[in-house]
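Before any comments, here is the structure.
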Number of protein chains: 2
Amino acid sequence: MFTLLHCDNICGARRGRIVTLHGTIETPAFMPVGTVGTVKGVELSQLESTGAEIILGNTYHLSLRPGEDVIRELGGLHKFTGWRKPILTDSGGFQIFSLARIMRINESGAIFRSHIDGSKFELSPERSIKIQETFGSDIAMVLDHVVSLPNERSVIEEAMLRSVRWAKRCKEVSDHSYQKLFAIVQGGLDPALRRSCVEMLAELDFAGYAVGGLSVGETPEEMYETLDFTTPFMPIEKPRYLMGVGTPIDILNGILRGIDLFDCVMPTRNGRNALAFTDSGAVRLRNAKHKINDQPLDENCSCPACKRSRGYLRHLFIAGEMLGPILLAIHNLTYYQSLMSRSRAAIEQNKFKDFYKEYIEKFKAGH
Amino acid sequence: MFTLLHCDNICGARRGRIVTLHGTIETPAFMPVGTVGTVKGVELSQLESTGAEIILGNTYHLSLRPGEDVIRELGGLHKFTGWRKPILTDSGGFQIFSLARIMRINESGAIFRSHIDGSKFELSPERSIKIQETFGSDIAMVLDHVVSLPNERSVIEEAMLRSVRWAKRCKEVSDHSYQKLFAIVQGGLDPALRRSCVEMLAELDFAGYAVGGLSVGETPEEMYETLDFTTPFMPIEKPRYLMGVGTPIDILNGILRGIDLFDCVMPTRNGRNALAFTDSGAVRLRNAKHKINDQPLDENCSCPACKRSRGYLRHLFIAGEMLGPILLAIHNLTYYQSLMSRSRAAIEQNKFKDFYKEYIEKFKAGH
């Protein structure tokens, strides 16, 4: 499933390839988030044009709306959404602990109320796998117990140990050969807990390993440090996925430390809020200085937003037109995919560290 | 500019062609409405895929936001929006009388307050033409005096006569050979007033003639009757445009009576409200009966919405996802363009009347 093609000989960055039933993913790769079966505001042909090779679907959201039964009746997530390329589904763990109102949580699983209408749901490791099987995603994630940071060491340790036990239960009921199961490493910001978690999960031999429990309140530096003492213990021959991350700089820092997969709502969410990513930093298009600016966001970008002037894009946001969020989501997704593509090229030439340094200097100078 | 290619020998329907600097329009044609420089929710490549050959821009809305100066600075409406095909701009007349708060109106023009922020604007026939020249549209419309219906005959007559005087003033200041100027026939539901208006305008020799002052409160039957006693007096060799119309059935009734051009917000507006047009009538996608419906809206339609199930489309609306309005706008625009294309083919074979009858029977049976 995963082939490690090349390791940069200067830093930890890796160039790899994941092969699934629905297609191939060149890594490092970025996965746009299609929360409820659509990447917000972006139609499939536009999404493909950004260069996306895999998208993420949220098991929690999809279970609430339209519900597992509807997706089953309508032929699974690929047929339902029309997206023919690979899909990764998360387990619902992160959303239960961040969005839902939990009623009870114990070793067997969680009972919670929907954040939408308060209706009651149950999720166990076995149920999460069953739902993801119904969805028919190419990569499924184990159900994990996520805790916010900072937190007491004992709480973090307990959640980590439970996550390992749940991962084992997930693996035991996962029996679809086409659907690969990734484990999730927990353990907060604690080196010993992270290492111990990686080692226990590695013994269970999953198809891939994710670093979870980050982007939950820690600083970027704490996140990078956690990767520093976690990735070296992760199986070399398996894909590594940093969940829910992040800014362009976060992603480059992940790649530098050997991460292969990323997902984040930032390109689409920031796009909806009139914020565009460029190599010179973020551009806030509502700013009056763009009013009669006839330049594109990025003259080297081939996306439809960059065929227009900044003045036009600003006008769309000021006038409250849907096309503003649409075009900026497409631009930001194109930008993220270009960042991954440029990273892959740099790794192949053992120049990722230089690329990283130049990028960060230029990005910061633009602010 | 306009070539009348063929007249159906059974009914009044005509097959024609309009040639402009930015491209050719096969008529009868439908113009999607791009109120403030974007057809709501539809990106240009998607808009082209629907088959649209010309779009409409609203002078009133564009003058308010982003303003004439911004569009001038950013190179005119084609460069501003990125749309390279023909554009028709209206004069602002209809919106002044329907949206704005009028402060004063007399022979010279209108002073009104913006419906957005209350700021004060002036519009005269000469100003309207000047603004449309700045926009650089391929077809400009004269400023007309619109009155609501029903109304007193004297009021309708006075507005009609003023509209003729204003049309003359517009023509006197319109001097861009590439930009064609269309006059607007007023006169309410009164046969004598309509005929008199057409005859006065015909003497002034405009590039095209629109029927205005309809879709303002009259019944469909009254509208069709008005066309019955108006179009026979309109110059045969000039394109005829029925402004702001309408439903698929209204449009077919217009074609039957010799109309060549239509525009309406209905495909996009109804799409945003989860209503899709099909040959079997309108489909309301929020209806629970579509929940696990795996059929497309229209199996003969090639639009991206029809590559999905009705169940998926319903889900997008229930979940409040932007892709719902986007896909349905694209579907409805594709449907309208297909209706025009089928009408053109029927006219070429002198079978428009049959096509019209069959269409209406099927459409009504679906309700």
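Annotation note: of B:Asp279, B:Asp263, B:Asp250, the sole residue that is touching a Ser or Thr at 6+ places or on another chain (Cβ under 9 Å) and of a type in the set (D, E, K, R) is B:Asp250.
I'd like to know if segment B:137-152 contains one or more residues that are over 19 Å from B:Gly244 (Cα atoms), within 19 Å of the chain's Cα centre (by Cα) and either assigned by TED's automatic domain parsing to the domain that holds B:Arg104 or buried (at least 18 other Cβ atoms within 10 Å of the Cβ) (or both).
No, that holds for no residue.
Remark: pairs (first residue in segment A:291-313, free of Cβ contacts under 8 Å to residues at least 12 places away in the same chain; second residue of a type in the set (Phe, Trp, Tyr); Cβ separation under 7 Å; 6+ apart in sequence or on different chains) = A:Tyr312/B:Phe80.
Name the one entry in A:Met200, A:Met160, A:Met141 that is of a type outside the set (Gly, Ala, Ser) and out of contact with any helix residue (DSSP H, G or I) (no Cβ under 6 Å at 6 or more places or on another chain). It would help to see each step written out before you state the result.
Values: A:Met200 fails: out of contact with any helix residue (DSSP H, G or I) (no Cβ under 6 Å at 6 or more places or on another chain); A:Met160 fails: out of contact with any helix residue (DSSP H, G or I) (no Cβ under 6 Å at 6 or more places or on another chain).
After applying the criteria, what remains is A:Met141.
Please go through segment B:276-299 and give me each residue that is in contact with a strand residue (DSSP E or B) (Cβ under 9 Å, 6 or more places away or on another chain) and either within 11 Å of another protein chain (Cβ to nearest Cβ) or over 21 Å from A:Arg65 (Cβ atoms) (or both), ordered by number. Within segment B:276-299, B:Phe277, B:Ala282, B:His290, B:Asp298 meet the criteria. The one condition from (1) out of contact with any helix residue (DSSP H, G or I) (no Cβ under 8 Å at 6 or more places or on another chain); (2) surrounded by fewer than 23 Cβ atoms within 10 Å (Cβ to Cβ); (3) acidic (Asp, Glu) that A:Asp260 does not meet is (2). Number of residues in segment A:50-104 that are in a loop (DSSP other than H, G, I, E, B) and small (Gly, Ala, Ser) equals 8.
Note on segment A:33-54: among residues that are touching a strand residue (DSSP E or B) at 6+ places or on another chain (Cβ under 7 Å) and of a type outside the set (A, V, I, L, M), the one that is nearest to A:Ile71 (Cα to Cα) is A:Gly37. Whether a residue is surrounded by fewer than 23 Cβ atoms within 10 Å (Cβ to Cβ), part of a strand (DSSP E or B), away from every other protein chain (no Cβ under 14 Å) and in contact (Cβ under 8 Å) with a residue 60 or more places away in the chain was assessed, and A:Leu4 passes this test.
The residue of segment A:7-49 that is surrounded by the most Cβ atoms within 10 Å (Cβ to Cβ), among those that are under 13 Å from the mean Cα position of the chain (by Cα) and assigned to a loop (DSSP other than H, G, I, E, B), is A:Val39.
Scanning for something part of a helix (DSSP H, G or I), under 26 Å from A:Ile54 (Cα atoms) and touching a residue at least 12 places away in the same chain (Cβ under 8 Å), does segment A:137-158 turn up at least one residue? Explain how you work it out, then say what you get.
Start the filter on segment A:137-158 by keeping residues that are part of a helix (DSSP H, G or I), which leaves A:153-158.
Within this subset, residues satisfying the condition of being under 26 Å from A:Ile54 (Cα atoms) are none.
Among the residues of segment A:137-158, not one is part of a helix (DSSP H, G or I), under 26 Å from A:Ile54 (Cα atoms) and touching a residue at least 12 places away in the same chain (Cβ under 8 Å), which makes the answer no.
Sub-9 Å Cβ pairs linking a first residue in segment B:37-51 that is closer than 10 Å to A:Glu43 by Cβ and more than 8 Å from every other protein chain (Cβ to nearest Cβ) to a second residue that is of a type in the set (Phe, Trp, Tyr) and buried (at least 21 other Cβ atoms within 10 Å of the Cβ), at least 6 apart or interchain, number zero. It is to be established whether one or more residues within segment A:102-110 are at pLDDT 95 or above and either crowded, with 22+ Cβ neighbours inside 10 Å or among the aromatic types (Phe, Trp, Tyr) (or both). Scanning segment A:102-110 turns up no residue that is at pLDDT 95 or above and either crowded, with 22+ Cβ neighbours inside 10 Å or among the aromatic types (Phe, Trp, Tyr) (or both).
Looking for something surrounded by fewer than 20 Cβ atoms within 10 Å (Cβ to Cβ), in contact with a Ser or Thr (Cβ under 6 Å, 6 or more places away or on another chain) and in contact (Cβ under 8 Å) with a residue 24 or more places away in the chain - is there at least one such residue anywhere in segment A:58-73? Yes, segment A:58-73 contains a residue that is surrounded by fewer than 20 Cβ atoms within 10 Å (Cβ to Cβ), in contact with a Ser or Thr (Cβ under 6 Å, 6 or more places away or on another chain) and in contact (Cβ under 8 Å) with a residue 24 or more places away in the chain.
For segment B:300-321, filtering for residues that are crowded, with 21+ Cβ neighbours inside 10 Å, farther than 18 Å from A:Gly67 by Cα and at the interface with chain A (Cβ under 7 Å from one of its Cβ atoms) leaves 0.
Would it be correct to say that B:Arg240 is touching an Asp or Glu at 6+ places or on another chain (Cβ under 9 Å), in the same structural domain as B:Pro28 (by TED's automatic domain parsing), at pLDDT 95 or above and over 23 Å from B:Ile55 (Cβ atoms)? Steps first, please.
Working: touching an Asp or Glu at 6+ places or on another chain (Cβ under 9 Å): yes; in the same structural domain as B:Pro28 (by TED's automatic domain parsing): yes; at pLDDT 95 or above: yes; over 23 Å from B:Ile55 (Cβ atoms): no.
Answer is no for this residue.
Every listed requirement among (1) within 14 Å of another protein chain (Cβ to nearest Cβ); (2) aliphatic (A, V, I, L, M); (3) in contact with a strand residue (DSSP E or B) (Cβ under 6 Å, 6 or more places away or on another chain) is met by B:Ile96 save one, (1). Being assigned to a helix (DSSP H, G or I), more than 14 Å from chain B (Cβ to nearest Cβ), crowded, with 23+ Cβ neighbours inside 10 Å and among the polar types (S, T, N, Q) is a property that does not hold for A:Ser338. Residues of segment B:52-93 that are more than 10 Å from chain A (Cβ to nearest Cβ) and over 18 Å from B:Met31 (Cβ atoms): B:Ser63, B:Glu68, B:Gly76.
The values are calculated or read from the model by the stated rules, or taken from the named source; none is laboratory data. Please read these numbers as outputs of a predicted model, since none were measured by experiment. Here the Cβ is made from the backbone with ideal geometry for all residues, glycine too, and neighbour counts use every protein chain on show.
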